[in-house]
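Enquirer: Could you have a look at this structure, given as structure tokens, before my questions?
Values quoted throughout were computed directly from the atomic coordinates according to the rules given, and no laboratory measurement underlies them. None of the values given here were measured: they were computed from a predicted structure. Positions of Cβ are backbone-derived with ideal geometry, glycine not excepted, and every protein chain shown enters the neighbour counts.
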Amino acid sequence: MKTYPRTCKVNGKVVVLRLLEEKDKKALLNFANSLPEEDLLFLSFDITQEKVVDDWLRKVREGTWFTILVEADGKLIGHGSLLRTEQIWSRHLGEIILLIAPEYRGKGLGSILANEIFDKAREMGLMKVVARMASEQKGAIAVFEKLGFKAEALLSDYVIDRQNRTHDLIAMSYDVKGFSETY
């Protein structure tokens, strides 16, 4: 079981990994509102809204969601989250969300966060971690492929953006426990 806060180096810069706390609400909203619009288009919940962040904090308190924040120079620069479903038939799954400030992308921070999430998924007894994104988010798809995720499904016109245009959704997964090897 890992302990937080913890520091690591990303591209020569020291960053702090720590768990999301109630006091982080304003920093999380500021971070969300600083992201480019295309980063927010396909999230399943609007993290720029205070009531959504309140719900996020509640789910972290309850233990349904797990979020690691990343700070550099005292500023929030990203997060990795593991969302557990309350549906009984998918209780073995967790959904991963990685969001990183543009200036810190491509430096290995996504891999660090993903590995933290994978460790937490194992600790929670999850068997598979799922990532969902619009099919045109080629950069995000490449990042998850590099982490070992495999495409499992393509759902046509499954998501809608803020301009009411539909997009295909790709679901990718990572086998946390080698569960598929037991068959």
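Enquirer: Sorted from largest down, what three extents in whole angstroms do the Cα atoms of the stretch 12-51 have along their principal axes?
Expert: 30, 27, 15
Enquirer: On a straight-distance basis, which aspartates and glutamates could pair with Lys13 in a cross-link, Cα separation under 16 angstrom, same-chain partners fewer than 8 positions away excluded?
Expert: Hits, sequence-local ones excluded: Glu71, Asp73, Glu103.
Enquirer: Assuming a viscosity of 1.306 mPa s and a temperature of 10 °C, what translational diffusion coefficient in µm² per second does Stokes-Einstein assign to the stretch 6-182, Rh being the Kirkwood radius over Cα pairs?
Expert: In µm²/s, the coefficient is 94.
Enquirer: Let me know the shape class of the stretch 110-155, please: from the alpha-carbon gyration tensor, a ≥ b ≥ c as square roots of the eigenvalues, rounded when a/c is under 1.5, otherwise prolate if a/b is greater than b/c, or oblate.
Expert: oblate
Enquirer: Need the C-alpha centroid separation for the stretch 105-176 versus the stretch 1-26, integer Å.
Expert: If we compute the Cα centre of each part, the gap is 22 Å.
Enquirer: What order, most packed first, do the peptides 167-176, 146-155 have when packing is the mean number of other Cβ atoms within 10 Å of each residue?
Expert: 167-176, 146-155
Enquirer: Continuing with the same structure: Report the label-to-label distance for Arg165 and Glu21 in nanometres (one decimal), using points 7 Å from each Cα along the Cα→Cβ vector.
Expert: Calculated label separation equals 4.2 nm.
Enquirer: So, one more: Figure the gain on full extension for Glu86 and Asp157 (residue separation times 0.36 nm, minus the Cα-Cα span) and round it to one decimal in nm. Write down the numbers at each step before the final one.
Expert: On the way: separation 71, 0.36 × 71 = 25.56 nm, distance 2.50 nm.
That pair, Glu86 and Asp157, stretches by 23.1 nm at full extension.
Enquirer: Something else: Given the -39500 (n - 2.57) contribution per DSSP H run of 4+ residues, what per-residue ellipticity at 222 nm results for the chain, rounded to the nearest 500 deg cm²/dmol?
Expert: Working: 5 runs with 51 residues, N = 183.
Taking each H run of at least 4 residues, the total per residue is -8000 deg cm²/dmol.
Enquirer: Considering only DSSP beta bridges where both residues belong to the stretch 57-183, give the percentage that are antiparallel (nearest 5).
Expert: Expressed as a percentage, antiparallel bridges in the stretch 57-183 total about 90.
Enquirer: Suppose each label sits 7 Å from its Cα in the direction of the beta carbon; what would the Asn11-Lys146 distance come out to in nanometres?
Expert: Here the modelled spin labels are 1.1 nm apart.
Enquirer: Search the structure for amide H atoms under 5 Å from the amide H of Lys128, placed 1.01 Å from N in the peptide plane, and list their residues when 5 or more places away or on another chain.
Expert: Residues meeting the amide H criterion: Gly94, Val176.
Enquirer: Now, a different point. Over the Cα atoms of the stretch 1-95, Rg to Rh with Kirkwood Rh, two decimal places?
Expert: Here the Rg-to-Rh quotient is 0.98.
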